[in-house]
Amino acid sequence: MSGKPSDFVSGQEDLIRDQRPVQVLSDLALEDRLKALQERRANPPKRIDNTKLWAGSSMYLYCDSCRWMRYVVSESYDPRDYSRLCKECQSLQKMGQLPEVPVAG
């Protein structure tokens, strides 16, 4: 360190900048994520019916928002340990950008 106050201050600014929370996504990235959500909702995969599986089989859990598979767990899983949303939908929800699930009518 050269001992100049400006060097010390700029070094501290770098430390502070590195500790700031991540900024919200740019509008373009957000649009891409919302478009991907629409595509997942429009094209849900064929679901595996857990009730028709053999005893002891893995259980398949699906996202409540986009209906895509989110977890494969053992039959003795504790539902409190798992979110009802996939990671993509969770991140949109945290940003306040997760649209409501359309009601089939």
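Do we find a residue being of a type in the set (Gly, Ala, Ser), farther than 26 Å from Arg33 by Cα and loosely packed, with under 12 Cβ neighbours inside 10 Å anywhere in region 59-80? Let's see the steps before the verdict.
Step one: filter region 59-80 for residues of a type in the set (Gly, Ala, Ser), giving 65, 74, 76.
Filter once more, so that each one left must be farther than 26 Å from Arg33 by Cα: 74, 76.
Then drop every residue that is not loosely packed, with under 12 Cβ neighbours inside 10 Å, which leaves 74, 76.
Yes, some residue in region 59-80 is of a type in the set (Gly, Ala, Ser), farther than 26 Å from Arg33 by Cα and loosely packed, with under 12 Cβ neighbours inside 10 Å.
Going residue by residue through region 62-71, is there one that turns out to be charged (D, E, K, R), in contact (Cβ under 8 Å) with a residue 12 or more places away in the chain and in a loop (DSSP other than H, G, I, E, B)?
yes
Can you tell me which of Ser83, Ser91 is surrounded by 14 or more Cβ atoms within 10 Å (Cβ to Cβ), among the polar types (S, T, N, Q), under 11 Å from the mean Cα position of the chain (by Cα) and under 20 Å from Leu30 (Cβ atoms)?
Ser91
For Val101, all conditions in the list (1) under 20 Å from the mean Cα position of the chain (by Cα); (2) loosely packed, with under 13 Cβ neighbours inside 10 Å hold save one; what is the number of the exception?
All conditions pass for Val101, except number (2).
Is it the case that Pro21 is at pLDDT below 90 and either within 13 Å of the chain's Cα centre (by Cα) or surrounded by 13 or more Cβ atoms within 10 Å (Cβ to Cβ) (or both)?
No: the conditions fail for Pro21.
The values are calculated or read from the model by the stated rules, or taken from the named source; none is laboratory data. Bear in mind the structure is a predicted one, so any value in this text is a computation, not a measurement. Cβ atoms come from the backbone with ideal geometry, glycine included; neighbour counts cover every protein chain shown.
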